[in-house]
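Below is one structure; the comments refer to it alone.
What follows draws every value from the coordinates through simple rules; no lab data is involved. Keep in mind that this is a model prediction, so the values were computed, not measured. Cβ sites come from the backbone with ideal geometry, for glycine too, and all protein chains shown count toward neighbours.
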């Protein structure tokens with residue numbers, strides 16, 4: 001049991017959690033960015049990107065599940081107790097950003113269906129997220145099941161409405177290369193890398209839970225992207241609220257928007273609480289999660305958050321090399337640096353991986369930037385470890 005008081009979870013519960021994580025307005029909106037590629041190329045980019053991203057998600061989730069440690073505690077295994085604090089702080093910052101973005105997108109879409117005021121919707125959605133946090137993952141039980149069932153039915157209806165059009169509308173917008181589209185598809189599952197172990201560590205069957213989580217998230221996230229892509233290609237409409245109104249999904253559409261925003265953003269705020277506990281044991285995770293939700297409400301109300309592509313790419317450049325080092329340490333090198341203060345050579349490798357990622361972004365690589373960056377970073381990590389071992393052997397001899 002973790003310090004936020006949650007009991008061990010089963011495979012069904014992990015699947016529900018990640019179904020809720022994937023059903024979001026932000027993912028549907030991101031899918032609309034693929035429209036200039038056309039439906040078939042856009043679909044291929046979405047699937048390829050999610051395969052890459054979710055393989056990483058599964059692998060990192062296994063580390064947390066096997067060790068029984070939260071995401072940021074597993075990071076300390078590669079970067080040291082104090083070195084891991086850097087990523088804990090970066091993770092909390094990105095989760096505050098995500099919380100604000102999700103509330104902003106949800107409020108904007110909800111206001112498009114029922115015009116109250118987007119700031120009022122920010123408070124309503126944020127308040128529901130805080131209620132979800134206070135109830136907790138284990139105790140959500142039936143509430144989560146009912147919410148997921150409603151989302152499932154309503155997203156099917158939305159899909160039928162969009163794809164029932166059958167013919168492509170005129171597409172306008174900035175051209176995107178296939179490689180850039182793949183990377184934008186990788187970016188969303190990649191953004192969950194610093195969170196997944198917060199949930200798999202509580203699983204009764206950790207490896208299976210990581211697999212269920214990654215497969216569920218990947219399949220549903222692809223679905224959300226495709227809804228956005230289809231909306232833009234087949235209806236020529238990029239505003240999901242307008243599509244719902246045209247389809248006569250007034251109240252039902254509003255339910256989709258609110259529930260999808262709450263179930264996804266709850267995970268961001270909850271994980272921010274868990275990550276903050278790894279920064280200081282004096283911090284109460286549940287209270288911190290609620291505080292993050294409050295900060296997200298204010299961010300959504302007062303910050304310009306209409307384009308998240310640069311934010312997604314920045315997350316990739318930070319957490320892809322971090323995860324690569326974790327994978328190399330745990331599965332290849334079988335080492336744990338968690339007892340030390342700072343693992344300096346891994347921090348240097350991470351900086352190199354960060355720079356490589358940013359450089360790869362300027363190249364049109366068919367599989368995007370994440371996969372080659374992670375492969376290069378893993379190879380560097382293994383190579384450095386071998387060199388260090390040989391130096392130690394020479395000194396001893």
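What to note about this one:
- Comparing 215, 318, 348 in a Gaussian network model of the chain (Cα springs below 10 Å), the most mobile by mean-square fluctuation is 348.
- Here 208, 76 are placed in order of increasing Cβ neighbour count within 10 Å, fewest first, which gives 208, 76.
- Once the C-beta distance of residue 284 and residue 344 is scaled by a Förster radius of 45 Å, the resulting FRET efficiency is 0.90 to the nearest 0.05.
- Sorting the segments 262-272, 175-185 by their residues' average number of neighbouring beta-carbon atoms within 10 angstrom, most packed first, yields 262-272, 175-185.
- Proxy reagent accessibility, fewest Cβ within 10 Å first, across 39, 34: 39, 34
- Tilt relative to the chain, helix 309-327 - C-alpha long axis, 0 to 90 degrees, to 10: 30
- When each of 55, 85 is scored by the number of other beta-carbon atoms lying within 10 Å, the sequence from fewest to most is 55, 85.
- Efficiency of FRET between residue 396 and residue 363 - r from beta-carbon atoms, R0 51 angstrom, step 0.05: 0.75
- Approximate spin-label separation residue 388-residue 298, in nm, with each point projected 7 Å along Cα-to-Cβ: 4.0
- Relative to the current alpha-carbon distance between residue 159 and residue 251, full extension at 0.36 nm per residue lengthens the span by 31.5 nm.
- 0 to 90° range, to nearest 10: angle between helix 370-396 axis and the chain longest Cα axis: 10
- Approximating the spin labels as points 7 Å out from Cα along Cα→Cβ, the residue 131-to-residue 215 distance works out to 3.4 nm.
- Sum of -39500 (n - 2.57) over DSSP H runs of 4+, divided by residues of the chain (222 nm, nearest 500): -25000 deg cm²/dmol
- Extension gain, residue 204 back to residue 47 (0.36 nm per residue minus Cα-Cα distance, nm): 53.6 nm
- Across 330, 40, 50, mean-square fluctuation computed from a Gaussian network of the chain (C-alpha pairs under 10 Å connected) peaks at 40.
- Tail weight of P(r) past 28 Å, computed on alpha-carbon pairs of the range 11-308, percent: 34
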